[in-house]
Amino acid sequence: MVGSVILVGAGPGDPGLLTLKGRRALEEAQVVVYDALVGAPILALMPEGAEKIDVGKRAARHTVPQEGINQILLDKALEGKRVVRLKGGDPFLFGRGGEELELLEERGVPFEVVPGVTSAIAVPAYGGIPVTHRDFTSSLHIITGHARDGKPLDIDFEALVRTGGTLVFLMGVTSLSAICAGLVAAGMDPDTPASIVEQGTTPMQRRVDATAATLAEKAAAERVGAPAISVFGSVCALGERFDWFDRLPLKGRRVVVTRPRERAGTLAGRLRDLGADVVEYPCIETVPIVPCPDMARAMERIGAYEWLALTSPAGVSALMDELDRQGKDARALGSVKLAAIGGGTAGELKAHGLRADYVPEVYDAEHLGAGLAERARGRVLILRAELGSPALTAALDGGKIPYDDVHTYRTVYENPRSGELRELLERGEDLLVTFTSASTVKGFVASVGEDFDFSGVTGACIGVQTAGEAGKHGIRTVVAERADMDALVETVMGLGAPPRPAGI
Ligand code: SAH
């Protein structure tokens, strides 16, 4: 059976600007064909098993020619695959989306289009420039500044200037002086405000302000490079006042998030929304132990326990999955009381319609153990990872509370991209890494290599046990006031944004 192609706009760079529909298409893709302008955080959404075809490797100078891309889309669809063609910004705006659909249409391959947030509007917006404003302008014109094969620019500057509208040039870095000269020669007031925004909506965004007469000169002096967008018009005068993105508290701060992939999303997203340059390196993975005869046995005699203690959202998932495998649901837990180590675990229980009867004030194994030792009269069932913290069982032992410590998942330290992580560290940057458990520290260290000198790394740690583990490896630590994501984000904010070293 013939497959299909979805042409998806990835937005201008900030992964938050991918549309919901685009994200869904990507998550369901079997083949993803993508361009140079699509950023790493969006590429990270591609399913692990999907075939990934990079047709935009610019640096190596072997971009796949357009006919080649058209052919790949056709061939993969004819193989019966669900293909996503992912393009920067909006697929139709200077994106050759139309050309790519022609062959598919001719050959009867079904296709759909998911428009994207275009850089032409979003990049100025992140630079504080509203492309229209009733007090300044009533039209917007988007022009390509790309000249075909060394030929002069084919732009009707007079017509553009006559509109009095905001002029937005894409692909115009190399031809910027010709654009400025053309506009001024066509009658544009040389003092018209003009700005260029480089790598817009990303942590590397930079805006340079000048006038129609001076923009090219100033951009060259500031070494502005592609991708960049230049804007001409009185709305540019607002850029300084509305410069919200550059003022975000974590702008310029690179933060490594080491949470397991399935849980990284919220922390990474929140840090990104605060302006941080987030690098996601899941250094641990939780793998459920399946089958898990110990858990199955414990579930059969659940009535014998007074408390059931859970120490992570992964533990809750393992429990619910085991019940499901047995053809049961949460009702099988009967009247056993539920203890959760912290807010995240309690939240995961809640997602399954279960309320935690006890959550310690301080979210760690020691306090959970102490709290249970105070409350429990009968037997406690602990469902947690292999090699869980001994502080929990020590507290129960101290209180002479009987318990069963059942291991339902294991934590694997592995990172297929560990080379990249090490490279980042070796560049000598003062790196900030978030650690949400002692095992993320162990995973991070295992991933980089035990022999590495970690003294240039600052670990923002969720709690004292995590910080203790980080300290063992020479990582400088700051500890969140409470063991939850809000406090961890606040801790990172407290460190502020250092000036970014040159060349990064
Ligand atoms: N289809 C895309 C545009 C493709 S043409 C869209 O709708 O956004 C490529 C040009 O887009 C680049 O040369 C640059 O001018 C602009 N561009 C794309 N992403 C950009 C970004 N993050 N910052 C600045 N300019 C960008």
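Exactly one residue among 132, 144, 163, 137 is β-branched (Val, Ile, Thr), farther than 19 Å from residue 37 by Cβ and within 33 Å of the chain's Cα centre (by Cα), and that residue is 132. For the stretch 37-62, a tally of residues being closer than 22 Å to residue 120 by Cβ and touching a residue at least 24 places away in the same chain (Cβ under 8 Å) returns 5.
Report whether or not residue 163 is touching a helix residue (DSSP H, G or I) at 6+ places or on another chain (Cβ under 9 Å), touching a residue at least 24 places away in the same chain (Cβ under 8 Å), more than 12 Å from the ligand (Cβ to nearest atom) and of a type in the set (S, T, N, Q).
On the way: touching a helix residue (DSSP H, G or I) at 6+ places or on another chain (Cβ under 9 Å): no; touching a residue at least 24 places away in the same chain (Cβ under 8 Å): yes; more than 12 Å from the ligand (Cβ to nearest atom): yes; of a type in the set (S, T, N, Q): yes.
Taking the combined requirement at face value, the residue does not satisfy it.
Identify all residues within the stretch 317-367 that are of a type in the set (Val, Ile, Thr) and surrounded by fewer than 17 Cβ atoms within 10 Å (Cβ to Cβ); write none if there are none.
Going through the stretch 317-367, the residues of a type in the set (Val, Ile, Thr) turn out to be 336, 341, 345, 359, 362.
Matches in the stretch 317-367: 362 only.
Among the residues making up the stretch 19-33, those that are in contact (Cβ under 8 Å) with a residue 40 or more places away in the chain and under 16 Å from residue 50 (Cβ atoms) are 22, 25, 26, 28, 29, 30, 31, 32, 33. Scanning the stretch 91-108 for residues that are assigned to a strand (DSSP E or B), within 13 Å of the ligand (Cβ to nearest atom) and modelled with pLDDT of 95 or more turns up nothing. Every listed requirement among (1) surrounded by fewer than 22 Cβ atoms within 10 Å (Cβ to Cβ); (2) touching a strand residue (DSSP E or B) at 6+ places or on another chain (Cβ under 7 Å) is met by residue 463 save one, (1). The number of residues in the stretch 174-202 that are within 15 Å of the ligand (Cβ to nearest atom), in contact (Cβ under 8 Å) with a residue 40 or more places away in the chain and surrounded by 22 or more Cβ atoms within 10 Å (Cβ to Cβ) comes to 7.
The values are calculated or read from the model by the stated rules, or taken from the named source; none is laboratory data. No experiment lies behind these values; they were computed from the predicted model shown. Backbone-built Cβ (ideal geometry, glycine too); neighbour counts: all protein chains shown.
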